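Written below as structure tokens is the structure these notes are about.
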Amino acid sequence: MPSASPLLVIDGLSKSYPGVKAVDDVSFSVVGGEIHALLGENGAGKSTLVKMVYGLVAPDQGAMSLDGAPFQPRRPAEARARGVGMVFQHFSLFDALSVEENVALGLPQAMATGDLATRITRVSRDYGLEIDPARLVGELSVGERQRIEIVRCLLQNPRLVIMDEPTSVLTPQEAADLFATLRQLRDQGCSILYISHKLEEIRALCQRATILRGGRVVGSCDPRHETARGLAEMMLGATFTLPQRPERTDGAVRLQVVGLTLPAVSLFGVALADINFSVCGGEIFGIAGVAGNGQNELMDVLTGERSGPTNDAVVVDALAVGRAGPHERRARGMAFVPEERAGHSAVPGLSLVENVLLSERFSSRSGMIDWRAVRARANQIVAAFDVRTVGIDHVARSLSGGNLQKFVVGRELLTKPGVLIVNQPTWGVDAGAASAIQSALLELARTGAAVVVISQDLDELFQIATRLAVIAGGRLSPARPIAELTIEGIGQAMGGHHHAHPPAPPADAVERGINA
Amino acid sequence: MRNAMVRLEPRREPSRVMLYATPFVAFVLTLLAGLVLFWALGKDPVRALGLIFITPLTSVRGVAELLVKSTPLILIATGLAFGFRAGVWNIGAEGQFTIGAISGGAVALYFHPGGGPLLLPAMMLAGVLGGVAWAAIPALLRTHFNANEILTSLMLVYVALLLLGLMVQGPLRDPQSYNFPESKLFQNAALLPALIPKTRAHIGFLIAVGVVAVAHVLMTRHILGFMVRVFGDAPRAAAFAGFSEKRMVWLSFAISGGLAGLSGLFEAAGPVGQLVPQLPSGYGFTAIIVAFLGRLQPLGILAAGLLLGLTHIGGETAQITMSLPSATTSVFQGMLLFFLLASDVLVNFRLRFGLRAPVGVGGN
């Protein structure tokens, strides 16, 4: 049970950026030994708030105290010295270095020396975070990489751990393991400030939730006593409807992938092995899998950014396009939404207007751009997909993740594609935007387009997909109708290839004196 | 004092005002540093700056010389800016300039002493092609072997300079030069018409202005300019849009090499009038400063080219009349670039003066 005395007290914190109040007079407290959820849409101010707690951003106003003493960290090292640790959503790890070396890089010098490997092994054993200090990070799964970040954090004996969307990259089994670790930490008196937009897991894990909207605290509750829908409505400040899957249609085959085999591009890349599937018009074809199992490689071949092995490997509306580039494929009616927004599906430093040109050229034969048409399209996208922006001439970087994703999806949909391929359409996107994007995909399928959704979010796939296949280790399982599948079964299939080489018993552990 | 009096605060978006204001900030800072520098050297600082920045503009000859100096800077920098914006780093414009001069000059010398009205256009074409050919080497090495184009293009500068030496001592040497390494003086048909009578200013300047205008339209209204910007900012997004990286590398080198070659030919067929080993005098390197000072935008480059041309001529005047060290010009150009890069921080950050807003009670 949480002790009553507050560990962290936040009192009237505010932070403004030009044109926006990111955090506005926020007050709440985290008591010792509780898992406290911080809930809110993207852009609600969660990240700015925890960055202030972790010393990455200085507040304009307000005060914090930790254990009754004033707390104003000016840099993360100061926060860590006071017992505040943070596990980020995006890992900062080097593929070519070992686990131990990676951990050492993130620690103060005094802690990074000596028997570090022993301490890593001890902490990882104590908390069920199985990890071998000697292995190369490049060989590890995403879940294992996250464990490195957590171990690095725990090595510094924190009393408060901030976790930013930790399960967004995990399989259901990995997430369950993580929850066991977090509960163990809580029982030992460590507090956890837990950021997530997955409402079910907040209900299962957290004792208290503070809900942010537009930078302000709009409520707090005990999530165990709320429904997921109730939480979502508190977060959005509005009621919303879940998208409905269309009845199965049996249109003509619009996309066909045949015998797609390609070697890995880089040392830590994934080779694609004999991938076959076909998608009919009106259908949403889901591809589930844990990150790093060949999704990005498959995406690159489907967009044409990487050439296929033969022209017949990818067929769109009975036309072979396997060796065509992205521009030619778009001319055949394809459209794409890659996973990464910053720098792949959008250029952060260019305006929204200019970003329109990435997927449709709007230019004459001689190459002169019709800027009026481009601007009209940008306005159309912003209006049709409710993109919240101060103006279409602002750079893409200034939009929140959810809004930029709505813009990108809207841009692709307005090219009226016959075949749409999306990778992680709602990754890092708030509930409101996610539901809007999913509805838009369903609507497109209803008009007779074939839609492929590659996603790690099983809830999402079960909500919108008509058929599902699993990608693991660069191989794609046969597809099956969603009605015949369960989340648990798919979760196991996703993890199936994942420990293809089980974590090697630390062969040199004895030499290093770990077992001594 | 726990908090600094002046802090840098990141901006959400790069400031457009600062983007265009910082070149002027850099210029003012250069002037101030120049004042201090001359004062420390024991020279009259105001007179020195006047000689550098004002005197050349008070005579027709001074203005003509300014056009002569800035023509190659503007031409080369406009070409380089394409590649620099796309993240393709051609540092070897000096070499492409040299090869352009050799190939264009060779055409003139082949027809010596004759040649009709088509001779000059033919020389220009040869100059452009020479520059493109020399730039094609680093482009090929980059696209086929992933060799770093900064190193290969730079090293080829020295090869080009030696090649020029070889030519003017061998095949292209004037037989009556008493073994001096120089070509014949170009015939009249091979010399650029004067822009201002009785001066060295030639019509190359008009061509440079025309090139700037075309480049401006390409950058702002053509899909090519868009492609260049996407490549520089996000290469993966360029691949997503279907733009090929190899094509971008080739195109960047072709444009920058061609314009460098053309300006090399202008130098040979304009102020110099023959091929000599001293023909390449650093325009290809100074143009890199011009490109950045002009914000990698054609119109900005036009202004920056004129400004650097001015420091060049004024610097020489000041060196002679006030017996200043010969490094004065280079120091000025270096300071300009230095202050520009330093003040660029204002584009992405804003300055906040005064103490930080108090956060709680000071701990410890």
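Read-outs throughout are calculated quantities, based only on the coordinates presented, and are distinct from any laboratory measurement. Everything numeric in this text was worked out from a predicted model, so none of it was measured. Neighbour counts are summed over all protein chains in view; Cβ atoms, including those assigned to glycine, are modelled from backbone coordinates with ideal geometry.
When a/c is below 1.5 the answer is rounded, else prolate if a/b is larger than b/c, else oblate, so apply that to region A:6-236 with a ≥ b ≥ c taken from the square roots of the Cα gyration tensor eigenvalues. Taking the square roots of the gyration eigenvalues as a ≥ b ≥ c, region A:6-236 is prolate.
Write down the Kirkwood hydrodynamic radius of the protein assembly as shown, to one decimal in angstroms, obtained as one divided by the mean of 1/r over all alpha carbon pairs. Across the protein assembly as shown, the inverse of the average 1/r is 31.2 Å. Ordering of A:318-331, A:298-311 by packing is A:298-311, A:318-331, highest average first (other Cβ atoms within 10 Å, averaged per residue).
Ranked by the mean number of other Cβ atoms within 10 Å of their residues, highest first, the peptides A:479-491, B:80-92 come out as B:80-92, A:479-491.
Spin-label pair B:SER59-A:GLN156: with each label point 7 Å from Cα along the Cα-Cβ axis, the two points sit 6.8 nm from one another. Note on A:SER439 and B:LEU125: their simple-model spin labels are 6.3 nm apart, each label 7 Å out from Cα toward Cβ.
With R₀ set to 41 Å, the beta-carbon distance separating B:GLN187 from B:THR220 gives a calculated FRET efficiency near 0.50. Taking every Cα-Cα distance in chain A and sorting them into 10 Å bins from zero, the calculated P(r) comes out as 4, 17, 27, 26, 18, 7, 1, 0 percent.
Oblate is the label for region B:6-147, because the ratio a/c of its alpha-carbon gyration tensor axes (a ≥ b ≥ c) is 1.5 or higher and a/b is not greater than b/c. For chain B, just say rounded, prolate or oblate: build the C-alpha gyration tensor, square-root its eigenvalues into a ≥ b ≥ c, call rounded for a/c under 1.5, and beyond that prolate if a/b exceeds b/c, oblate if not. Oblate, because a/c is 1.5 or more while a/b does not exceed b/c. Set the Förster distance to 22 Å, then compute FRET efficiency between A:VAL265 and B:LEU140 from the Cβ-Cβ distance, nearest 0.05. In this case the efficiency is close to 0.45.
Restricting the calculation to Cα atoms, region A:380-498 shows an Rg/Rh of 1.02 when the hydrodynamic-style radius is the Kirkwood one.
In this structure the amide hydrogen of A:ILE162, modeled in the peptide plane, comes within under 5 Å of the amide hydrogens of A:GLY85, A:MET86, A:VAL87, A:LEU193, none closer than 5 places in sequence on its chain.
Dipole size of chain A about its Cα centre, with +1 on Lys/Arg Cβ and -1 on Asp/Glu Cβ: approximately 1040 debye, rounded to the nearest 20. The ellipsoid that matches the Cα gyration tensor of region A:1-121 has semi-axes, each √(5λ) in whole angstrom, of 29, 19, 14, with the longest given first.
Candidate cross-link partners of B:LYS69 among the lysines, defined by an alpha-carbon separation under 17 Å and a same-chain spacing of 8 or more, comprise B:LYS198. Working ranking of peptides B:164-174, A:335-345 by packing, defined as the average number of other Cβ atoms within 10 Å per residue, highest first, is A:335-345, B:164-174. Legend: mean number of C-beta atoms from other chains within 10 angstrom of residue C-beta atoms, peptide A:338-345, equals 4. The C-alpha atoms of chain B define a longest principal axis, and helix B:328-343 lies at about 40 degrees to it. Cα centroids of region B:229-245 and region B:307-355: 34 Å apart.
Only residues of region A:290-334 count here: report those whose backbone N is under 17 Å from the spot 7 Å along Cα→Cβ of A:ALA342, or say none. Of the residues in region A:290-334, none has backbone N under 17 Å from the label point off A:ALA342.
Each Lys and Arg contributes +1 and each Asp and Glu -1, all at the Cβ; summed about the Cα centre of region A:175-230, the dipole is approximately 240 debye. One equal scatterer on each Cα of region A:259-315, no solvent, Debye formula: the resulting log10 I(q)/I(0) at q = 0.15, 0.16, 0.19 Å⁻¹ is -0.45, -0.51, -0.72. Length gained on full extension, A:ALA373 to A:ASP274, computed as 0.36 nm times the residue gap minus the Cα-Cα distance: 31.4 nm.
Across peptide A:322-331, the mean count of Cβ atoms from other chains lying within 10 Å of each residue's own Cβ comes to 2. Within 10 Å of the Cβ of each residue in A:49-58, the mean number of Cβ atoms contributed by other protein chains is 1.
For a label point 7 Å from the Cα of B:ALA194 along Cα→C-beta, name the residues of region B:50-72 whose backbone N is under 20 Å from it. Once the point is set 7 Å along Cα→Cβ of B:ALA194, B:56-72 turn out to lie under 20 Å by backbone N, inside region B:50-72.
When B:TYR283, A:TYR54, A:TYR127, B:TYR178 are arranged by Cβ crowding within 10 Å, least crowded first, meaning fewest neighbours, the order is B:TYR178, A:TYR127, A:TYR54, B:TYR283. Between A:ALA318 and A:ARG75, the FRET efficiency estimated from the beta carbon spacing at R0 = 45 angstrom works out to 0.15.
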